[in-house]
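Below: the structure, in structure tokens.
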Amino acid sequence: MNGITYILLGLMMILLTHYKPPAYWNNNSRTFLRRYIGDRTTAILHEFVGVGLIAMGMVILLKLEYQA
């Protein structure tokens, strides 16, 4: 995948988490997390993942590679 795809996926994840449409928010993976860590923590976790996807997309677009 290219950087733009990661950025779009991250934005989509953040927007869907913010608006919580039933088809997204009541999905099996989200209901599993919501049952164990709660709605708010699940939303925060998904927003962090979205931000991480956006950051990865920006790194790919800027061609910055991690050098150990």
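The table below lists the values:
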read-out	value
Low-density loop positions, trypsin sites (Lys or Arg not before Pro), the range 10-68 - DSSP coil, at most 14 other Cβ in 10 Å	Lys63
q = 0.19, 0.24 Å⁻¹, the chain: log10 I(q)/I(0) [Debye, one scatterer per Cα]	-0.73, -0.95
Mean Kyte hydropathy of 0.0 or more with a Cα span along the axis of at least 27 Å, helices from DSSP in the chain	39-62
In range of the label at Ile44: residues from the range 8-38 whose backbone nitrogen is under 13 Å from the point 7 Å along Cα→Cβ	37-38
Within the chain, helix-based [θ] at 222 nm, where runs of 4 or more DSSP H residues each add -39,500 (n - 2.57), nearest 500	-26000 deg cm²/dmol
In Å², nearest 10: area of Thr31 left accessible to a 1.4 Å probe	40
Sparse-neighbourhood loop sites, chymotrypsin sites (Phe, Trp or Tyr not before Pro) in the chain - DSSP loop, at most 12 other Cβ within 10 angstrom	Tyr66
Average accessible surface area per residue within the chain, 1.4 Å rolling probe, Å²	76
Share of carbon and sulfur in the accessible heavy-atom surface of the chain [1.4 Å probe, %]	67
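The values are calculated or read from the model by the stated rules, or taken from the named source; none is laboratory data. Computed from a predicted structure; not experimentally measured. In this analysis, Cβ positions are derived from the backbone assuming ideal geometry, glycine residues included, and neighbour counts consider all displayed protein chains. Just so you know, the surface numbers come from the protein's heavy atoms only, side chains and all, with ligands and any DNA or RNA stripped out. Shrake-Rupley method; radii C 1.70, N 1.55, O 1.52, S 1.80 Å.
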